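Report on one structure; see the data block that follows.
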Amino acid sequence: MSVDTFESQFDRLLVAVAPPTPNGDLHLGHLSGPYLATDVYSRYWKSQGKQVYFVTGSDDHQSYVHTKGMKMGKSPKEVVEIFGTSIPKTLDSANIKLDFFLKPYHTPEYQSFVQKFFTGLVENGALEKRKGPAFFCEACNLYLYEAHVSGGCPGCHEKTNGNGCEKCGFVNDCIDLQDPKCNHCHSTPATREYERFYFPLNKYSDYLRGYFSKVSMNGHLHALTKKMIREGYPDVSATHLAGWGIPVPDQSGHVIYEWVEMAAGYLYLAETLTGSWEKFFKDPRSLWVLGYGFDNAFFYTSFIPALLHAYDAEIQPPRAFLSNEFYLLKGLKFSTSRNHAVWGDEFLAKIPADQMRYYLSYTRPEIEQTNFDPSEFETTIQKEFILGWEGWVRDLPKKGNSDPLDERRRFEQRMEELRVLTEACYRAESFSLRSAVRLLNQLVFEASQYGKKWEFTGGAVAAQAFALRQLARASAPLLPDFSTRAGVLAKEMGA
Ligand SMILES: [Zn+2]
Ligand SMILES: [Zn+2]
């Protein structure tokens, strides 16, 4: 039976998850957010017969790679080599199975593709070249933007780095930060002017207003997009005088801002995977879904769609966002720089991927911040998954069958209903891994109660096998290893 869903209108899905910055390995905060969500989403839609391209890449040219290198006494290239290698391994250990992982620094044809995109924007007048102010640190001999500078957010006044505020999701142009400081030497920077390219984003506010009304996104993003339209967008620097990034053609010392690069990156990914980005992005049967954390909401909701529209108005922007809030560790923000983190590779060396996926789904920060606590992880996994799920499976009867037929039918209908409800949690418009895991817990609970009821009369094997089959199907995108084992057993039991 096919269900009429938002996704039914499309044949091909590009599911792109925010490219991890190779300035550290992935911690549970990263994994709990967009990576697990888009993996589950992709697995589900592949199982429904859609052509799905699940992609990401390493965000090699980020200013955060440069600043990490300065801290480690290494070049940005060396930093990319270290973490650009470990990140895909961690994703793989978490059973997050991408179809393609782009390595920008190691892909020269990607870099020329980005430069061509940039030149296209200049040629069609989307970017304006003019003199503008920028912070300059005399002590470090460095122009400061994004990772290099911090100060008070012009929107919410909380301390933030340049360009995007983690707290309120708003953009800043660095130069508007209150009480700015160089992130390397903590001195107050000077202001200097130089000529560069700007993207006048506010010109696209009518386009964005119309666009937002058509996108599947949660309430927090809706509120932010409304606020941004109401308050107006600033002009955003599209190039910087910096030592790390893809060079601006014919402008020595200048690099393309990595969020401009990223917009081009989606076209490159579609070109590489499908043969033609135009055919993919201009086809009404193609769906582009983006997964990311709220702290980058400005770039994904506004900057990238507007930039692509400015490049070619026929490009169809993402139609669904799978977003998340911050995941906390013992009540505090995960932090790579303060090493307040549980690292994915270390955690997965001790814990099976399914158990991690179970708990990250159970506590996923979908609409509010949630918390990872190691002792709560132990308790929940022990009680719900090891005793609950695996305990039920281990004790399933292998023979005998004497439950009354009408009662079994009612039970089987209920199991099917719980499976269908769980699967609805894997669709963009009602996406919730927290709900999915709770519905699956309910399925296991009701199935085990039913089993106990008929335990003394021979076991209700057929009904239990049916329940196990439903659990295997409904848990497949979430807990792929468990699902495979459960599917095999259900078959052995005759389901
Ligand atoms: Zn702010
Ligand atoms: Zn400095």
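No value in this document is a laboratory result; all are computed from the given coordinates. As the structure is a computational prediction, the values presented were derived from the model and not from experiment. Positions of Cβ are backbone-derived with ideal geometry, glycine not excepted, and every protein chain shown enters the neighbour counts.
Normalised by 2.2 N^0.38 Å, where N is the number of residues, the C-alpha radius of gyration of the stretch 39-125 stands at 1.38. Couplings 3J(HN,Hα) of the stretch 478-491, computed from phi: 8, 10, x, 5, 4, 4, 4, 4, 5, x, 5, 5, 4, 5 Hz, in residue order, whole Hz [Karplus 6.51 cos²θ - 1.76 cosθ + 1.60, θ = phi - 60°; x for Gly and Pro]. Over the chain, dividing the summed -39,500 (n - 2.57) contributions of all DSSP H runs of at least 4 residues by the number of residues returns a 222 nm mean residue ellipticity of -13000 deg cm²/dmol. For K89, the lysines whose Cα comes closer than 16 Å to its Cα, not counting residues fewer than 8 places off in the same chain, are K97, K103, K350. Reported value for the stretch 373-492: 96 Å³ per residue, from the convex hull of its C-alpha atoms. Compactness of the stretch 393-450 was expressed as the Cα radius of gyration divided by 2.2 N^0.38 Å, which yields 1.33. Across the chain, Cα-Cα distances exceeding 37 Å account for 32% of all pairs. Near the amide H of G291, within less than 5 Å, lie the amide hydrogens of A16, V17, A18, L322, all on another chain or at least 5 residues away, with H placed in the peptide plane.
Between the beta carbons of V122 and E378, assuming R0 = 60 Å, the FRET efficiency works out to 0.60 to the nearest 0.05.
Taken along its principal axes, the alpha carbon cloud of the stretch 230-337 reaches lengths of 47, 41, 34 Å, longest axis first.
Close amide H partners of F372, meaning residues 5 or more places away or on another chain with modelled amide H under 5 Å apart, are L328, L329, K330, G331.
Of all DSSP beta bridges confined to the chain, the antiparallel ones make up roughly 55%. The order of the peptides 366-373, 30-37 by mean Cβ neighbours within 10 Å, most packed first, is 30-37, 366-373.
Note on the stretch 146-246: along the principal axes its Cα atoms extend 44, 28, 22 Å, ordered by decreasing extent. Derived scalar couplings between HN and Hα for the stretch 291-298 equal x, 6, x, 4, 4, 9, 4, 4 Hz in order, rounded to whole Hz, by the Karplus curve 6.51 cos²θ - 1.76 cosθ + 1.60 (θ = phi - 60°), x for Gly and Pro.
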